[in-house]
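Asks: I have a structure here, written as structure tokens, and I will follow up with some questions on it.
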Amino acid sequence: MKIPKAQKRTSGIWFIQLRLDGRSITVTAETEAKVQAKALAIKSGIVGPEGMPGKKTLGRMLDEYIDARSNVLSLSTIRGYKTIR
């Protein structure tokens with residue numbers, strides 16, 4: 001998943017400007033690594049823009065994982081993953 005490059009403000013705070021569902025979201029943090037991690041979590045839906053848990057549930061994330069790897073994994077492995085889910 002691609003996120004914009006982090007920029008440093010004159011105050012020393014790092015920020016990234018994201019577009020999510022047609023809204024502009026500014027992510028800020030003290031270091032470049034932290035702001036990139038926050039932006040990636042927001043963009044992937046794990047964390048919402050306000051820092052609250054995102055829209056994705058554990059079940060939905062497991063379904064996406066299984067779907068993304070269905071052409072690589074064997075049928076018995078996929079069946080096992082679905083059983084665990």
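The values are calculated or read from the model by the stated rules, or taken from the named source; none is laboratory data. Bear in mind the structure is a predicted one, so any value in this text is a computation, not a measurement. With ideal geometry, Cβ positions are generated from the backbone for all residues, glycine too; neighbour counts draw on all protein chains shown. We work out accessible area using only protein heavy atoms, side chains counted, and drop any ligands, DNA or RNA first. Shrake-Rupley method; radii C 1.70, N 1.55, O 1.52, S 1.80 Å.
Asks: Arranged from highest to lowest average of other beta-carbon atoms within 10 Å per residue, in what order do the peptides 75-84, 24-33 appear?
Replies: With the highest mean Cβ count within 10 Å placed first, the list reads 24-33, 75-84.
Asks: I would also like to ask the following. So how strong a dipole does the chain carry about its Cα centre when Lys and Arg Cβ are +1 and Asp and Glu Cβ are -1, to the nearest 20 debye?
Replies: Here the size comes out at about 100 debye.
Asks: Within the chain, how many Lys pairs sit with Cα atoms under 27 Å apart, leaving out pairs fewer than 8 places apart on the same chain?
Replies: 23
Asks: While we're here: How large is the accessible surface per residue of the range 1-81, computed with a 1.4 Å probe and reported in Å² as a whole number?
Replies: 72
Asks: Just read off the accessible area of ARG69 with the full protein assembly in place, 1.4 Å probe, to the nearest 10 Å².
Replies: Ignoring ligands and nucleic acids, ARG69 comes out at about 90 Å².
Asks: Once amide H atoms are placed 1.01 Å from N in the peptide plane, what residues at a sequence separation of 5 or more from LEU20, or on another chain, have their amide H within under 5 Å of its amide H?
Replies: The answer is ILE25.
Asks: Give the ranking of LEU58, LEU20, LEU40 by solvent-accessible surface, highest area first, calculated with a 1.4 Å probe.
Replies: LEU58, LEU40, LEU20
Asks: On a 1.4 Å probe surface of the protein chains, which of VAL47, VAL72 comes out largest in accessible area, and what is the full order?
Replies: Correct descending sequence by accessible area is VAL72, VAL47.
Asks: Once ligands and nucleic acids are excluded and a 1.4 Å probe is used, how much of LYS34 is accessible, expressed in Å² to the nearest 10?
Replies: Approximately 110 Å² of LYS34 is accessible to the 1.4 Å probe.
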